[in-house]
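What follows is a set of notes on a single structure, which appears directly below.
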Amino acid sequence: MTGGRLLAVFLCLATVGLVVIGTLWPVPAAAAWAGGTGGFISSSSTPEGAVNNFANDLGHHAWQEAYSTLANKGKFTEQDFVRDMTGSYPGLRTYASLDNFEVRPLHASDNEAQVELRLHWSTVVGTFLDTRTLQVVKNGDHWAPVWPIVKEQHVPPQVIPVTYLRWDVIYRGPEDDWGAQDVEAPHVRIIDMHPVERAAGVVVLGELLNEDVVPAYVSVKATLLGKNGSPIATEDSFDKISHLLLPKQVTPFLITFPNVSLSDVDSIHMDPTSSLVAASADPVIEIQNQKLSPAPDAWFSGSLVNQSGQNVSIAHVLGTFYDQSGQLVWVADQYIDRALLPQTPVSFAIPVPEDLARKISTERAVVATYSPGGFQ
Amino acid sequence: MVHWMLRASSALAFTKATTLFTRQPGASIFESNGLSRGISLQKLEAVAPSTRPIPLSLILMAALAVHLPLLLMELPLKSYDTNFHIFFASHYLHHWFDPWNPKWYAGFSQTTYPPLPQQWIALVSRITGLDLAYMTVQLVAILLLVVGVYRFALLWVTPRAASLAALAAVFLGSESFLVYSAGQLSTTTAAPLYLNALPYLFEWVREGKWRSFVKGAALFTAAAAAHHATLLFGSMFFAIPVLALVLIDRQDGERVSTPAFLIRTVVMTVVVAAAVAVVLLPFWIALIHYPVTQTPIPHASRANYILSPQWGLNYFVIPYGALILALPFIFVRGSAVTRLRPLLLGFWVAFLVGLGGTTPVGHLLLGRAFDVLTMERFSYWATLLALPFVGLLAAELIDRYRGRAVAVLTIAATFTCAMAVAWSTFRPADAADFKVDSVAAWLNRDGHDNYRYVTLGFGNKISRLSVLTDASSVDGEWNSGRMLPELTAHGGAALTSSKYFNKEGLDALRAILDHADRYGLKWVFVRDPYYEPLLTFGGWRRVDDLEDRTIIVWSKDGVPPAAPVNAPQIPPHWQGLMWGTLPFGSSLLAIFVVLALPERQRRRAADVEPAVMDKDLVPGRMFS
Amino acid sequence: MKHAFTFLIGVTVSAGALPALAQSGNLDLPKSIVAGSAFSIQSTSSAQGVLYIVGPGQVLKRDVQPGQPITIAAGDLDCAGHYLAVLTSGSSTETGEFDVVPGSQPATLSFLAKPSRLPVGLQSGISGAVYIFDAFQNLITAPTPVSFQLSIPSEATQSRTVVSRQGAAWTDMNSGSKDGNAKFVAQAGDVSATRVIQQVPGDPCGLKMSAKKVGEQIQLETDPLRDCSGNAVTDGTIVTFTESWNGGQTTVDVPLKHGIAQAEVPAYNGARISVATGVVMGNEIRWANQ
Amino acid sequence: MIRPLVILLAAFAASGAFGADQASVQIEPTTLQGPRPLAKETATAVVRDYLEAWQSLSAALEQNRTDLLNQDFVGTAKDKFAETIEEQQKLGIRTRYQERSHDIRIIFYSPEGLSVELEDNIAYDVQLLDHNKVQTTQLVRARYVAVLTPAEVRWRVRVLQADSN
């Protein structure tokens, strides 16, 4: 009987003990579902711990909890804080989820510390990095971060007259009436093409021109052919191109062939496609103050100004870089995480590979945009 | 079917009961019922409760009364996996001997999943249609579970307690959870077969009865043909306790001899292993050639239920229901009675693993499999292992409190079952209720099905859509069947739900859209505007809309029509023949041997309930 | 050879087995008839029978009374092609072959004209091909004259006449020098088909801009853009203004509105401002703040 | 007892012959009218798809299945052949076309590339079955004109008619 009792006690204690262990030191899968790497008890007794807790709350979109832990919450409202995190107007930030974060202590004293928080947000078009340097102050027995709020500019209520151009297309319909006339697909032309070898594989760069008088929805496919003429691989530009080209507009494109060596390539077959689509000339985006910071740590930066009267939810900047002889050197891109409001500059900064940055003489940028329900 | 089970059960009931109460009084279940000696005796004498078991036919009628209406309402169609099983079945319906299914992942082999329940659905659907065929097979599984629990419980407890355990199985939360919320047909089909096989294993190893050997082996093989994991893990949680019981139990005062025990165990293991190896040969070949090395996909059943209480509710409270209240009894009684200890230990390990990431046990025991398997099935097995204890507890409570106990137990059982059934409504697998018929019709016309498609924001409706359309998709719901590198390299499950897997899911979606040409992927059906920016910037355009503009069709220009994927994974014809013959044949064989080899009525007294309980009490050993 | 042998055996055995093939003869048929016209077939059979007229494009089946001619009414057989006629009556089978030819009068034209849009001043830039069909959609393979005409507003009409071969005729034309819609007509007999060819301006010629200061900004404006034939460049055409100064650059792509493009850029002393559209470069301005 | 067996064997032998024979195909040098050159790959594809269209047509007329036309026919040709099949179904007859030989020449490639015309001197056997009873089998020689137009991945027959000219 004693043995039975002992067994029961042992099993109960072991169960409780295992639950405690699993809760204090959760296995990775469980920790991921709990929203971070910490266990049940997470401490704000260190500056890093406080920032960890704060970032965990951000990861759960628990804005209220995150806001309540801030040392400087008296200086802005919770609404300001939420707007800083999600954007005032629908944009990439609005539906972003925190993929992971890094906390890097920069400096610490008894009552104050400085910590770099790198938030990697995941969005439908890729990840973006939001780096903030936080002061962390000691408040009694725990630490509290000071949030460097970025207040979005508010656009005053106004009426902006727009007289934009737009093209509509009336299609013939799906029925088969042979010989009946249909509208011609726009004529597009590759005006530059240049393969380069990078660590990841072969990259084909180029520029495509819509030489027609109607808008074109374009795409570029490339096929690498080997020495014996057989195809090695076929890839397309996906989002490293501006797919909508108005008449006489030029877009760069970049096509990556992972794990292919340029020495194996004999020739490249380019296949641009275009189709006629309904489109609008709006919005016009001006790109101001474009600058290339020199290597090392080369960046192509500038700011976008939406000159139209409608908000742009997501802007995609494609930078094209040329050497002194005007030859294409590189194409790089970045999605802007905040909406573009009319006449409100939003900055961008695109990293440029250091080895290529030294060759760059001139650069040029184009912007593709997306707004829900709008023209593509 | 019921008939043979009943006959077998009666014989077994007598054996177990006499063994338990006449030969091992020191380990009687009554020795630790928590009553003082005097009170206990007085109660037993005064109340003189009925010790007859509830007739199994009555329990089966109860199962029908509870589950038949729910299944006729086709409630499982709202669950996570029901349509997945129907999709597999629809393939078997049209291509019984060709397991290569081109409709998902640009082609995948259905030999990666044991086929038995789906093949039965395919067969029955020729009369009833697919949906009703699913319900039929599920109902049969539920009825078999009742019988299986009864027979399994008889190994451990009295016929009366076993009958109460079987009755409890009708209301088991985890069963209802798996049937109506999770839609895990294979698990809920394999477990009853396995439970029914275990008493034969017991008889074979203990008594060397060849009939039991044949029946047991056939049922084990059929169980594996229904769900391989059940057999694999069932061996640990169910078979090992049963084998331990063989060692503990005595027959005519003698324990089974060790050599006999070992030889019979090994013989059964080898024969069943060989049979399973042959019956599921294409499955093993697929597994060996293409082991599941893809990036693990998160599943909430691996969460820590304390750190993530919402998942604790989903995967612990709902499946266990009122059974949580019985946990102390299980531990106390299971520890106290020697012959119940193996069952307790089996339950305990299954219980801990079923807790997912709440304890480190699952991670430690299963290793990488922890990140591949889902944990709710372990909770299901744990509750099945707990049922003999539940029967025992119920019997004692009813003996002691009669009507009040019956009322409380009825309320508890009803509440448990109702909560688990209702859970599919409270927490539906797919909150959005919409029809995919228009999408299927769109794909099936004007040659649209010459291309592949993917849906976004369709949840688990993609299985239903795949049943309705002739077109092929690059997405699917059978993660282990995926071979496309764009999918296996990322830890996202179905592309249609990419955003819920954050970066991993979206990376997979981006990769597959990037290679649209490669797979003839021309159509994307979008029900969630979240994905529109990716499609816009990736070169896709809107071409049509459906369902009052709630579903937008996106297309990519210049995509060549889908070519059949001539993958090395395509099973050769002989494997198709095997797959269409042996697993299904194993179930036919099991039915045949069970029906054709009736139990010998060893003792006529088998029908008589043993009336020796009172005198076998050892009052001095009771808890006080 | 093996298959042919099998076939022969098969047919022979079939013939032996089937009384229907016991006897055969030839039907008295016209060599050819015009699609859709009426005709009759005379049978020598003295028993009731069945007439089959079989071709890939049409099949007919008629009951035959002894001694009576079999009449096929107008419109019953309208699909041009080669037909097999089979008359079975009792144990005898009579067969024959004949052609149904298209009517000679064109009823519809399939006119394939390309392109629907092209720049002005292109030699042989426009092509047209025609397939000629009769009233029953049979391709008229007999030579038929087809005339093609391209009418361009304020320019002389281009005309060609071509005789079709095997039902097809084609030609090519030049685009004019003025933008606008040209009418491209193909005619055969009394039937015609019309297509509209949009003639659009070519690349801009002499792209030129001017600049003036407005507040802290420079307002840039192009002269009205025209191609080398003097046609106004289409609105919506993108014009790119680029301002470069010491280490910095501002770019703006603006669409042409009412023939001109306008933009404002920051006023930097010494900035160089250039303009381009597509691959055509315009003038350059060096800005000096006054 | 023997008689049905003989009939069965005869039908089987005949159908075996019909099903297994491969027609001989001769391709004549192209004599194009029109300015557009015809690439060798295009010519090969046109002839291949044209021959496949004959196979589909034979199968469709024999089995009275209009769906077999979908892949290879479009427009007028598809409509006419579909009507023939429907008429055959109504009348209870089937026709078997077994090609023996093709002699093909491409004669026109339209300037915009949207049509190809070819002529084919063809020999084929026609077998007529009324309610599965063979009525006759006849060897036919005819000259066919076909117009094919490009679809997404193949050339489809738009016009196919025998021509006595």
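Rule-based calculations on the coordinates, nothing more; no lab input. This one's a predicted model, so the numbers in the text were calculated from it and none came from an experiment. No Cβ is skipped: glycine too gets one built from the backbone with ideal geometry, and neighbour counts run over all protein chains shown.
So here's what we get for this one:
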item	result
Lysine pair number, Cα distance threshold 26 Å (strictly under), chain A, separation 8 or more or different chains	13
Viscosity 1.002 mPa s, temperature 20 °C, Stokes-Einstein D of region A:36-146 from Kirkwood C-alpha radius, µm²/s	150
Entries in B:Lys78/B:Lys503; B:Lys461/D:Lys80; C:Lys183/D:Lys40 that, when Cα-Cα distance is taken, lie over 31 Å	B:Lys461/D:Lys80; C:Lys183/D:Lys40
Computed over chain B: relative contact order in percent, which uses C-alpha pairs under 8 Å that are six or more apart	24
Reach of C:Lys61 by Cα under 16 Å, taken over lysines that are not fewer than 8 positions away in the same chain	D:Lys90, D:Lys133
Directionally averaged projected area (convex hull, Cα atoms, chain B), nm²	27.6
Length-normalised contact order of chain A in % [C-alpha pairs under 8 Å, at least 6 apart]	12
GNM flexibility winner over chain C from C:Pro56, C:Pro224, C:Pro119 (Cα, springs under 10 Å)	C:Pro56
Net charge of neighbours whose Cβ lies under 15 Å from the Cβ of C:Asp172, counting Lys and Arg as +1 and Asp and Glu as -1	+3
Partner aspartates and glutamates for C:Lys257 [C-alpha distance under 13 Å; skip if fewer than 8 residues away on the same chain]	A:Asp282, C:Glu221, C:Asp223, C:Asp235
Average beta-carbon neighbours from other chains, 10 Å sphere, peptide B:520-530	1
CD proxy at 222 nm, helix term only [per DSSP H run n ≥ 4: -39500 (n - 2.57); per residue of chain B; nearest 500]	-18000 deg cm²/dmol
Candidate lysines for bridging to C:Lys178, where Cα separation is under 19 Å - those fewer than 8 sequence places away on the same chain excluded	C:Lys114
Calculated Rg and Dmax of region D:23-162 using C-alpha coordinates, Å	15.5, 51
Residue-count net charge about B:Trp204 - beta-carbon cut-off 12 Å; Lys, Arg +1, Asp, Glu -1	+3
Coil-residue trypsin sites (Lys or Arg not before Pro) of region A:217-287, DSSP, other Cβ within 10 Å capped at 11	A:Lys227
Distant-in-sequence amide H partners of A:Asn72 (H built 1.01 Å from N, under 5 Å)	A:Trp147
Relative contact order computed over region A:36-146 (Cα-Cα under 8 Å; 6+ residues apart), in percent	28
Shielding of B:335-347 by partner chains, average beta-carbon count, 10 Å	2
Whole-Å semi-axes of the ellipsoid equivalent to region C:18-101 (Cα gyration tensor, √5λ, descending)	22, 13, 10
Cβ-isolated cysteines (cut-off 4.7 Å), the protein assembly as shown	A:Cys12, B:Cys417, C:Cys79
Other protein chain Cβ atoms within 10 Å, averaged over every residue that makes up A:210-219	5
Cα gyration tensor shape of the protein assembly as shown, rounded if a/c is under 1.5, else prolate or oblate by comparing a/b with b/c	oblate
